[in-house]
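What follows is a set of notes on a single structure, which appears directly below.
The values are calculated or read from the model by the stated rules, or taken from the named source; none is laboratory data. Note that the coordinates shown come from a computational prediction; the quantities given were computed from them, not determined experimentally. Here the Cβ positions follow ideal geometry from the backbone for every residue, glycine too, while neighbour counts run over all protein chains shown.
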Amino acid sequence: GQNIDQPTEMTATEGAIVQINCTYQTSGFNGLFWYQQHAGEAPTFLSYNVLDGLEEKGRFSSFLSRSKGYSYLLLKELQMKDSASYLCAVRDDKIIFGKGTRLHILP
Amino acid sequence: GAVVSQHPSRVICKSGTSVKIECRSLDFQATTMFWYRQFPKQSLMLMATSNEGSKATYEQGVEKDKFLINHASLTLSTLTVTSAHPEDSSFYICSAKPPSNYGYTFGSGTRLTVV
């Protein structure tokens, strides 16, 4: 079966750093995505990891450990506009999404 | 960049009627498109994989006779919700993968309300 777990909600302060974890158990693996979704809008692509290690892109970084079935999304220098849901998704022959983590940013 | 256009963005229909949602890849060809449904405060649930020129592949629990998918060209997939009921009210989103990108691009979504 397919199982993707991530925290339901997190709260952080503007300017701080937050790490959103994702663990997965899937029958196959061809990469892991992170998407950002603001309320009422479609998801937007943030990152893609297929090999172990850290991928850095501006304020956002994503890490993958395939042996542990684990990934995290790291957001630095948080801004109010980062308040959104963050979706972890695993690609096999299709993309399966986790339930998403709603991130609240406090001023 | 790669764009997926979805239409309409919002639709309200009466129970028992059918609604068609279009998903177009504007600057790339997509042999495969995906249709998702998202209920409030929940994540995206894959409904079906739309394959150009062949039958769609439906996820377990999704009624293929209720959610008709047609992928007649390399740039257009349509989802028709037949005999809609209030419980079909949801946010429907399509996605496709541009050949040069890692990420899957999503349409802007369609909010369906059945009254």
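Name the pairs whose Cβ atoms lie under 7 Å apart, with the first residue in region B:68-95 and within 14 Å of B:Val19 (Cβ to Cβ), the second surrounded by fewer than 19 Cβ atoms within 10 Å (Cβ to Cβ) and of a type in the set (Asp, Glu), and 6 or more positions between them or separate chains?
Qualifying pairs under 7 Å: B:Thr78/B:Glu22.
Here are B:Thr80, B:Thr105: which of them is surrounded by fewer than 21 Cβ atoms within 10 Å (Cβ to Cβ), of a type outside the set (A, V, I, L, M) and either closer than 13 Å to B:Ala30 by Cα or at pLDDT 95 or above (or both)?
Only one candidate passes the filter, namely B:Thr80.
Could you tell me which of the residues A:Ser27, A:Ser71, A:Ser65 is free of Cβ contacts under 8 Å to residues at least 24 places away in the same chain and among the small types (Gly, Ala, Ser)?
A:Ser65
Report every pair of residues separated by at least 6 positions or lying on different chains whose Cβ atoms are under 8 Å apart, first residue within region A:2-21 and free of Cβ contacts under 8 Å to residues at least 24 places away in the same chain, second surrounded by 13 or more Cβ atoms within 10 Å (Cβ to Cβ).
That search, which allows pairs on different chains as well, returns A:Asn3/A:Tyr24; A:Asn3/A:Thr26.
Take residues that are within 14 Å of another protein chain (Cβ to nearest Cβ) and tell me which of the strands (runs of 3 or more DSSP E) falling wholly in chain A contain 3 or more.
Passing ranges, in order: A:3-5, A:18-25, A:32-37, A:44-49, A:60-65, A:84-91, A:95-97, A:101-106.
Whether any residue in region B:94-115 is touching a Leu at 6+ places or on another chain (Cβ under 8 Å) and aliphatic (A, V, I, L, M) is what I want to check.
Within region B:94-115, not a single residue is touching a Leu at 6+ places or on another chain (Cβ under 8 Å) and aliphatic (A, V, I, L, M).
Take the residues in region B:29-52 that are assigned to a loop (DSSP other than H, G, I, E, B) and in contact with a Leu (Cβ under 9 Å, 6 or more places away or on another chain); name whichever of them is farthest from the other protein chains (Cβ to nearest Cβ).
The qualifying residue farthest from the other protein chains (Cβ to nearest Cβ) is B:Gln29.
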